[in-house]
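First the structure, in the form of structure tokens, and then the observations on it.
Rule-based calculations on the coordinates, nothing more; no lab input. Because the structure is predicted, anything quoted here is derived from the model rather than measured. Note: ideal-geometry Cβ built from the backbone for every residue, glycine included; neighbour counts use all protein chains shown.
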């Protein structure tokens with residue numbers, strides 16, 4: 001056996017030993033954080049509304065509000081009444097029906113009117129108007145290309161939910177109310193500002 005071993009001499013190694021990263025995501029052998037994260041994280045199926053909530057140039061506060069609304073996690077009056085916190089669960093926007101997440105987006109006449117104007121701006125039929133989840137899927141399916149119109153559509157959806165919820169809170173906590181045209185106007189101004197911000201960021205690249 002020894003004779004066999006001695007017939008295969010160990011070659012002289014002139015280079016020093018080095019660490020090589022064998023994780024997925026890199027072909028160079030160099031360590032990178034994205035590869036390490038991909039190795040340890042839990043892989044789940046893509047979230048259904050991911051593209052309509054998290055996209056380039058989104059507004060974080062509006063995105064969080066939209067996310068909560070899509071999952072009925074906003075503290076609406078029907079939920080607060082069920083906890084015994086308030087006595088009335090009447091919608092402060094229409095002053096007729098029970099306020100629930102489903103009602104606010106978009107059964108309520110005020111929010112339905114605002115969203116119908118937004119759909120007209122996007123070149124979509126203003127009716128029929130479905131529940132928020134259906135409208136979000138509509139936006140996600142109609143606007144897929146990486147274009148300014150896609151960013152506009154997603155910003156408008158998030159801004160609509162944000163401003164409807166903001167108007168609701170204005171009426172609940174400050175006992176003030178704005179006309180629905182004024183709510184739409186402020187929504188429109190916010191979207192225009194966000195689009196200008198997108199244009200400035202894009203020009204810097």
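Okay, here's what the table says:
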{"item": "Computed [θ] at 222 nm, deg cm²/dmol, the chain (DSSP H ≥ 4; -39,500 (n - 2.57); rounded to nearest 500)", "result": "-16500 deg cm²/dmol"}
{"item": "Rg over Rh [alpha-carbon atoms, Kirkwood Rh] for the range 28-69", "result": "1.15"}
{"item": "Descending semi-axes in Å of the range 141-189, equivalent ellipsoid built from Cα gyration tensor", "result": "28, 10, 6"}
{"item": "Rounded tilt (10° steps) of 132-142 against the dominant C-alpha axis of the chain", "result": "60 degrees"}
{"item": "Convex hull projection area averaged over all views, the chain, Cα basis, nm²", "result": "21.3 nm²"}
{"item": "Inter-part distance where the range 100-147 and the range 64-96 are each reduced to a Cα centre, Å", "result": "20 Å"}
{"item": "Nitroxide proxy distance, nm - points 7 Å out along Cα→Cβ at residue 19 and residue 149", "result": "5.1 nm"}
{"item": "Segments 147-160, 80-93 sorted - mean Cβ within 10 Å per residue, highest first", "result": "147-160, 80-93"}
{"item": "Peptide ranges 133-140, 185-192 listed from the most packed, as the mean C-beta count within 10 angstrom indicates", "result": "133-140, 185-192"}
{"item": "Mean Cβ count within 10 Å, highest first, over the residues of peptides 45-51, 118-124", "result": "118-124, 45-51"}
